[in-house]
Amino acid sequence: MKNVLLGLIRQSGVALLALVALTVVVGGLYPVAVWGISRFHTTAAEGSFQSDVHGCRASDLLGVDQRPAPGQPDPFLHNRVAGGVDDPMAPGDPAASGASNLGPNSPELVKIIDARRAAIAEREGVKPAQVPADAVTASGSGLDPDISVEYAALQVPRIARASGLAPEEVREIIADHTRGRQLGFLGRERVNVQQVNRDLQSARETRAGTEPHGTACR
């Protein structure tokens, strides 16, 4: 009986030590280590928020399509769209992301893509056949922050005309925010739209000699 009791006490002691050790490691050291590693790239850890010339903040991870006021020139680099039949060119809504679930054989999707291709071709002053595929198709979330290099290049002449910037200056800004393939071979080169629009706005205001005036983010 005594040996059984001593064995139970030893096993209980080992179990208690294991509990304390795991609590310290898993409940303390591990979370602190993960938090510490995240501090090496604070911007990404906090959602990749960026400030524009007005001090506004937007995430480089969300594709929010900026639009000009009605009747005004369009100096923005545009994202992929996420609209439907009623409004094929509607931008994605960060508060309600999601795919349409329309398959490639869907007549409704074909109608939406044709409408987008015609609208973008008219906006950019090109033939419909010159509009890239990512311009007329939405991503799975509808909030893709990046576009193809081809779609960005298609928009350069319009941006230059509307902003007063030289085409070479617009291309340089786009090149500054063009990222290569992931790990060197996954995906394609891509352009971050939020970053480009932020620098385009800064370049426009610098050229106009205006100072940031604290307008709200759009």
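The values are calculated or read from the model by the stated rules, or taken from the named source; none is laboratory data. Note that the structure is predicted; figures quoted are calculated from it, not measured. Backbone-built Cβ (ideal geometry, glycine too); neighbour counts: all protein chains shown. What goes into the accessible areas is simple: the full protein's heavy atoms, side chains included, and nothing from ligands, DNA or RNA. Shrake-Rupley method; radii C 1.70, N 1.55, O 1.52, S 1.80 Å.
Test residue 53 against the stated conditions and say whether it is modelled with pLDDT of 85 or more and open to solvent by 40 Å² or more (accessible area, probe 1.4 Å).
Here the answer is no, as residue 53 does not meet what is asked.
Every residue in region 104-143 that is of a type outside the set (A, V, I, L, M), open to solvent by 40 Å² or more (accessible area, probe 1.4 Å) and touching a residue at least 40 places away in the same chain (Cβ under 8 Å), please.
Here is the first cut: in region 104-143, the ones of a type outside the set (A, V, I, L, M) are 104-108, 111, 114, 116-117, 122-125, 127-128, 130, 132, 134, 137, 139-142.
This time we only want the ones that are open to solvent by 40 Å² or more (accessible area, probe 1.4 Å), so: 104-105, 107-108, 111, 114, 117, 122-123, 125, 127-128, 130, 137, 140-141.
123, 137, 140, 141 - these are the residues of region 104-143 that are of a type outside the set (A, V, I, L, M), open to solvent by 40 Å² or more (accessible area, probe 1.4 Å) and touching a residue at least 40 places away in the same chain (Cβ under 8 Å).
Return yes when residue 130 is polar (S, T, N, Q) and over 21 Å from residue 60 (Cβ atoms) and no when it is not. Even if it seems obvious, please write down each step before you answer.
Values: polar (S, T, N, Q): yes; over 21 Å from residue 60 (Cβ atoms): yes.
Spelling it out, residue 130 is indeed polar (S, T, N, Q) and over 21 Å from residue 60 (Cβ atoms).
When the residues of region 173-189 are filtered to those that are in contact (Cβ under 8 Å) with a residue 12 or more places away in the chain and under 21 Å from residue 75 (Cβ atoms), which remaining residue is most open to solvent (accessible area, probe 1.4 Å)? If you could, list the steps in order and put the result at the bottom.
Applying the first criterion (in contact (Cβ under 8 Å) with a residue 12 or more places away in the chain) to region 173-189 yields 173-174, 176-179, 188-189.
Filter once more, so that each one left must be under 21 Å from residue 75 (Cβ atoms): 173-174, 176-178.
Working: 173: 18, 174: 16, 176: 107, 177: 29, 178: 45 Å².
Here the residue is 176.
If residue 138 satisfies all but one of (1) modelled with pLDDT of 95 or more; (2) of a type in the set (A, V, I, L, M); (3) out of contact with any helix residue (DSSP H, G or I) (no Cβ under 8 Å at 6 or more places or on another chain), what's the number of the condition it fails?
Condition not satisfied by residue 138: (1).
Residues 149, 170: which one is modelled with pLDDT of 95 or more, open to solvent by less than 40 Å² (accessible area, probe 1.4 Å) and of a type in the set (A, V, I, L, M, F, W, C)? Lay out the reasoning, then the answer.
On the way: 149 fails: open to solvent by less than 40 Å² (accessible area, probe 1.4 Å).
Only one candidate qualifies: 170.
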